[in-house]
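What follows is a single structure, written as structure tokens, with notes after it.
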Amino acid sequence: MSRLYTQIIICLIVIALLPSCDNEVARKSTPVTVKLGVIGPFSGENKHWGESGMQGVHTAVAFHQKRNSGLRVEIIKEDVRSDPAQAEIALAKLAIQDQVDAVLVLSGSKTTLGIAKTADRYKIPIVSTLASHPGVTNNDWLSQIIFDDRAQGTVAALFVMDELLLESAAIIWDGGDPHSTVLAEYFKRTYQEAGGSVISIDISARQQDYNKILNQLQKNKVEFIYLPMEGRHVASFEQSVREIGFKPQSMVSDGVLSQMMLEYKDNPNLLEGMLATDIYTNEVPLSEFGKSVSIKFKKLFDTPATTITALGCEGAHVVLTALHNCGRDPQSECVNRMIRSGNDFEGILDSFFIGLDGKAQRPVYINKIRNQRLRFLLKVN
């Protein structure tokens, strides 16, 4: 009787396990089509951002298709150049006409803030890969995968004060760029609270005055300049510095090295020796996910990957992971909840998570730029 009872129990356990095994096989092999909207600058002065970001998107798609051979991702691209108004129109089209499952935004903060104003209207999950302005997530449906500008500006200021031991600094920033404005504000606030003095210069209306500004800073014996600006402004700064023979230590913000690599290929060493805050560094081992997508990228493309590429890859990975976790016919609410779950996502270097407020929590790396590479100095969690 005991032996018969044991056999019955074993049979029941086997039968109970079979459906879950069948379901797992079905989930991996059943054809699934995902419609992914992508908004970005695919023409105009920032077209390289969109192109480089799309390489990362295609890399993540290939990674997920290897995991699930039945996965089909239909990508619908919308070129908005760098126009917030066009970005709003593109979001409406993708949500209403194309009925996409989720949207990736490969634009910077200025453009993405246009989308943030209407994000709640369409109730569709949106992930921004480049925008780090704190206002981007003032809604329930748009999430960031990059650290907040407030964190980056604060880390930059503390590094200069605590590691470089400099009690005075200058900031040259662009008042027409909301990303630049917040970085400058938090650098200045943190630096002054730590006891330092700051000269703050808005370049937005003075772009022809670099030599004049730098001559004055040189006379004031300024040793350090923080440059939270786009690559084109940093290039103008560096060219002017070289013209007058001024050699202050300087620091740029996230993604600027990538911008310079994409847009100033004829003069690749403009940033040589500068400090840089960034999401990544070239001298920390890749995660297992990072190793896998790096192999995929090299098979797909013969160009160097950039920070912009990596963020495009991580953004698509976040969206596709959330869609997968919500099942074959995911509802928007489920996908958005999965994105903002606080659970870890695999990253190129580190795992990171996105909180209920849509903001990513991840390390800030401080690097020194040498030979177009980010040489690791410090990691701030």
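Residue-wise test of (1) part of a loop (DSSP other than H, G, I, E, B); (2) of a type in the set (S, T, N, Q); (3) within 17 Å of the chain's Cα centre (by Cα).
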position	(1), (2), (3)
VAL335	no, no, no
ASN343	yes, yes, no
ILE348	yes, no, yes
TYR365	no, no, yes
LYS368	no, no, no
LEU374	no, no, yes
LEU378	no, no, no
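When residues in region 239-267 are screened for being within 22 Å of LEU130 (Cα to Cα), outside any helix (DSSP H, G or I) and not polar (S, T, N, Q), 6 of them pass. Residues that are farther than 30 Å from LEU166 by Cβ and in contact with an Asp or Glu (Cβ under 8 Å, 6 or more places away or on another chain) were ranked within region 263-289; the one that is least open to solvent (accessible area, probe 1.4 Å) is PHE289.
Residue by residue through region 53-82, note down the ones that are open to solvent by less than 60 Å² (accessible area, probe 1.4 Å), closer than 18 Å to ALA131 by Cβ and modelled with pLDDT under 95.
Looking only at region 53-82, we keep the residues that are open to solvent by less than 60 Å² (accessible area, probe 1.4 Å), and these are 53-57, 59-64, 68, 70-71, 73, 75-76, 78, 80, 82.
Retained after the next criterion (residues that are closer than 18 Å to ALA131 by Cβ): 53-54, 56-57, 78, 80, 82.
Matches in region 53-82: SER82 only.
In region 58-83, the residues that are touching a residue at least 60 places away in the same chain (Cβ under 8 Å) and part of a helix (DSSP H, G or I) form Cβ pairs under 7 Å with partners that are crowded, with 16+ Cβ neighbours inside 10 Å and of a type in the set (Gly, Ala, Ser), at six or more places apart or across chains, as follows: ALA60/ALA316; VAL61/ALA316; PHE63/SER292. Scanning region 341-359 for residues that are in contact (Cβ under 8 Å) with a residue 24 or more places away in the chain and either among the hydroxyl-bearing types (Ser, Thr, Tyr) or open to solvent by less than 10 Å² (accessible area, probe 1.4 Å) (or both) turns up GLY347, SER351, PHE352, ILE354, GLY358. Within region 273-281, does at least one residue satisfy the condition of being on the phi > 0 side of the Ramachandran plot, small (Gly, Ala, Ser) and in contact (Cβ under 8 Å) with a residue 60 or more places away in the chain? Scanning region 273-281 turns up at least one residue that is on the phi > 0 side of the Ramachandran plot, small (Gly, Ala, Ser) and in contact (Cβ under 8 Å) with a residue 60 or more places away in the chain.
Can you tell me which residue within region 96-110, out of those that are touching a residue at least 40 places away in the same chain (Cβ under 8 Å) and open to solvent by 20 Å² or more (accessible area, probe 1.4 Å), is nearest to LYS35 (Cα to Cα)? Going through the qualifying residues, I end up with ASP101.
Go through region 112-138 residue by residue and tally those that are in a loop (DSSP other than H, G, I, E, B), among the charged types (D, E, K, R) and at negative phi.
Pass one, region 112-138, residues in a loop (DSSP other than H, G, I, E, B): 117-118, 123-125, 129-133, 138.
Filter once more, keeping what is among the charged types (D, E, K, R): 117, 123.
Within this subset, residues satisfying the condition of being at negative phi are 117.
Of the residues in region 112-138, 1 are in a loop (DSSP other than H, G, I, E, B), among the charged types (D, E, K, R) and at negative phi.
Of everything listed in (1) under 19 Å from TRP49 (Cβ atoms); (2) among the hydroxyl-bearing types (Ser, Thr, Tyr); (3) out of contact with any Asp or Glu (no Cβ under 9 Å at 6 or more places or on another chain), the single unmet condition for THR307 is (3).
The values are calculated or read from the model by the stated rules, or taken from the named source; none is laboratory data. Only a predicted model underlies this, so the values are computations on that prediction, with no experimental measurement involved. Glycine gets a Cβ as well: all are built from the backbone with ideal geometry, and neighbour counts include every protein chain shown. These area figures cover heavy atoms from the full protein model, side chains too; ligands, DNA and RNA do not enter into them. Shrake-Rupley method; radii C 1.70, N 1.55, O 1.52, S 1.80 Å.
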